[in-house]
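Shown next, in structure tokens, is the structure this report addresses.
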């Protein structure tokens, strides 16, 4: 008797189609380890955007991140805070939170190049990467 495989129920894509799919995903996403390594190495050309509330940002955030809650992202705040040619990397709490997706959508709609870091702060902590905390209220973009 042969045991039915849930994995094999749906055939895998052909290698060329799979390569296109995975390359496409990487055009939209980056991971905590790569962002952490680039920050540690002093790489430039990207800005990390924390799309969470100022309160969560103050409790702990990625070193050097800019706090720009997704609801406050508009043309004015982006022009005032973010360099025009930088790739923007959004994050939030983690896979259970969609603030980074909402932020990435708003930034892309404003004509900015953006990638999302889906692991968020949970993934960052799981990698053992450094966290900054701020005991005073952080500077954030003004609301509309």
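Points worth noting:
- Close pairs from segment 103-121: first at positive phi and modelled with pLDDT of 95 or more, partner assigned to a helix (DSSP H, G or I) and surrounded by fewer than 22 Cβ atoms within 10 Å (Cβ to Cβ), Cβ under 9 Å, at least 6 apart: 120/99
- Sole exception among (1) assigned to a helix (DSSP H, G or I); (2) over 27 Å from residue 131 (Cα atoms) for residue 6, by number: (1)
- Residue count, segment 34-82 (criterion: touching a strand residue (DSSP E or B) at 6+ places or on another chain (Cβ under 7 Å) and surrounded by fewer than 14 Cβ atoms within 10 Å (Cβ to Cβ)): 3
- Any hit, segment 129-136, residues being closer than 14 Å to residue 62 by Cα, at pLDDT 95 or above, in contact with a strand residue (DSSP E or B) (Cβ under 8 Å, 6 or more places away or on another chain) and crowded, with 18+ Cβ neighbours inside 10 Å: no
- Considering only residues in segment 67-107 that are assigned to a strand (DSSP E or B) and touching a helix residue (DSSP H, G or I) at 6+ places or on another chain (Cβ under 7 Å), the one that is farthest from residue 27 (Cα to Cα) turns out to be 67.
The values are calculated or read from the model by the stated rules, or taken from the named source; none is laboratory data. If you're wondering where the values come from, they're calculated on a predicted model, not measured in any experiment. FYI the Cβ positions are ideal-geometry reconstructions off the backbone, even for glycines, and counts take in every protein chain you see.
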